[in-house]
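The values are calculated or read from the model by the stated rules, or taken from the named source; none is laboratory data. This structure is a prediction, so every number in the text was calculated from the model and none was measured. For neighbour counting, all protein chains shown are included, and Cβ atoms are generated from backbone atoms with ideal geometry for every residue, glycine included.
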Amino acid sequence: MSILKSSIFEPYLPSSYDKVEHQKCFLYHNYNHGNDGNIFFTKNEKINYENLINALLSQKIDTTLTGKVYLGKLSSLPRHKIKDYFKENKVNKTSRLDQSDTIILNKEYLIEFNKMFESASSWYRLKPCKAYKFDSEHDKNYIESVSKSYYKGNIIFNDSFIIMTTEESKNRITPKLINFLQDKKSEDLYYKSLYREKSLIEVHNYLEYIWKNPHVKVIFDENIMEPLNEDGFELDEEYLTTLDGMFESKSQDNINLALEMLSNVNIEKNSLTIALFLNKHRNKFSWGSGLSITKNNSFKSTLKYFKSKDINFESDWRSFSANLYKLHKDNPKNLEIINEFIQQNINQYLKEFSNKQYIEVKLESLALKG
């Protein structure tokens, strides 16, 4: 697989890679503002990466940190907590991916990368293309002469020169170039243009290293949150009352302090309570309020945790409660709390849309349908 930087028309590859072996082609198109390059796969690479990602996403949970541990840009764990945790457990960490035995990362980045293979959306998925390679100076000169009027001279001559064509681009390429390419040998590839998606380049580096080093263990942020937060606070009524008051003040400083406090709560034991608390206050962060829940660095790992569990506390109570049910369906105590939450919302809805009299519902049990 190659990652190509469109602004400078140079292949973007880790220094440890064999440039000749991995270089598939040079990009041939105009530079667009915001374009971070293109990512290419052969058919076999596409299959191999799909299988690798699916294996990682379905692996058994194991939070044992072995060998040298790498915590790079793709981990959202709070650094102050992980620093103390590493120190207490005498973890041998490394700042270099290529020296790691264990990698910690946020699962969301891997899921985002996987959309290139599985998503039905044209924005995410890979598209087919053909790559034509030319080495002779005569071919290069001819290509430049019949193409520069459209491509504005954005042609790079290197050890080899390669043109990428797609079904969409065929209508924009000059007839002379189309005729020239008709009898030339090409390679079928899959590609995706990256638009402000530099994290995908980082994910590629991780996957390439894991593929070449099958002994490497991968641990997701969400799975290490529990041991990381073992000494976290328990959310009791007094604590919640204090946090309520800070959110009700509608002061960003107070909210930031409340978020800092929440980031020190044991999230595994209190995830339902935190989700319900944030859902209760969701309207305070509507557009135009001037308030934000996403800018506190310490709390970002908690937000990432909920996203990895498909819990969107900003959503309507119906979809929100359905996702809560899926997450807590094996915990009878939490199901009672979710039942009460749904019952309150149904009754509030009935009350709001009545004149004087209304029906009050009492739920006996919950069952997820659809």
_So for segment 351-360 (the condition being among the β-branched types (V, I, T), on the phi < 0 side of the Ramachandran plot and under 32 Å from the mean Cα position of the chain (by Cα)), does at least one residue qualify?_
no
*What residue, of D253, D221, D236, is of a type in the set (D, E, K, R) and under 23 Å from I342 (Cα atoms)?*
D236
*Exactly one condition in (1) touching a Lys or Arg at 6+ places or on another chain (Cβ under 6 Å); (2) under 17 Å from F134 (Cβ atoms) is not met by Y190; state its number.*
(2)
*So which residues in segment 74-117 are assigned to a strand (DSSP E or B), among the β-branched types (V, I, T) and under 16 Å from P227 (Cα atoms)?*
I104
_Considering residues of segment 72-131 that are of a type in the set (D, E) and over 19 Å from the mean Cα position of the chain (by Cα) only, the residue modelled with the highest pLDDT_ = D101
*Return the only residue of N205, N223, N229 being surrounded by 14 or more Cβ atoms within 10 Å (Cβ to Cβ) and in contact with a Leu (Cβ under 7 Å, 6 or more places away or on another chain).*
N205
*asked:* Cβ contacts < 6 Å: first residue assigned by TED's automatic domain parsing to the domain that holds F299 and under 16 Å from F233 (Cα atoms), restricted to segment 254-281; second residue modelled with pLDDT under 90 and among the small types (G, A, S), any location; separation 6+ or different chain. Result?
replied: E260/S298; S263/S298; N264/G232; V265/G232; N266/G232
*Looking at segment 270-370, what helices (runs of 4 or more DSSP H) fall wholly within it and have at least 3 residues that are crowded, with 16+ Cβ neighbours inside 10 Å and modelled with pLDDT under 90?*
300-308
_Give all pairs with beta carbons closer than 8 Å in which a residue from segment 186-206 that is not assigned by TED's automatic domain parsing to the domain that holds K127 meets a residue that is in a helix (DSSP H, G or I) and surrounded by 17 or more Cβ atoms within 10 Å (Cβ to Cβ); count only pairs at least 6 apart in sequence or on separate chains._
none
*Conditions: (1) over 19 Å from Y49 (Cα atoms); (2) crowded, with 16+ Cβ neighbours inside 10 Å; (3) in contact with a Lys or Arg (Cβ under 9 Å, 6 or more places away or on another chain). G72 meets all but one. Number of the miss?*
(3)
_Pairs please, first residue from segment 48-77 and under 15 Å from L97 (Cβ atoms), second anywhere and of a type in the set (K, R) and not in a strand (DSSP E or B), Cβ atoms under 8 Å, 6+ apart in sequence or on different chains._
Y70/R96
*At least 3 residues that are within 22 Å of the chain's Cα centre (by Cα) in each: list the helices (runs of 4 or more DSSP H) lying fully within segment 183-252 that qualify.*
198-212, 221-228
*asked:* So, in segment 296-318, exactly how many residues are free of Cβ contacts under 8 Å to residues at least 40 places away in the same chain and either touching a strand residue (DSSP E or B) at 6+ places or on another chain (Cβ under 6 Å) or more than 13 Å from A275 (Cβ to Cβ) (or both)?
replied: 2
*Tally of residues being of a type in the set (V, I, T) and under 28 Å from the mean Cα position of the chain (by Cα) across segment 313-337*: 0
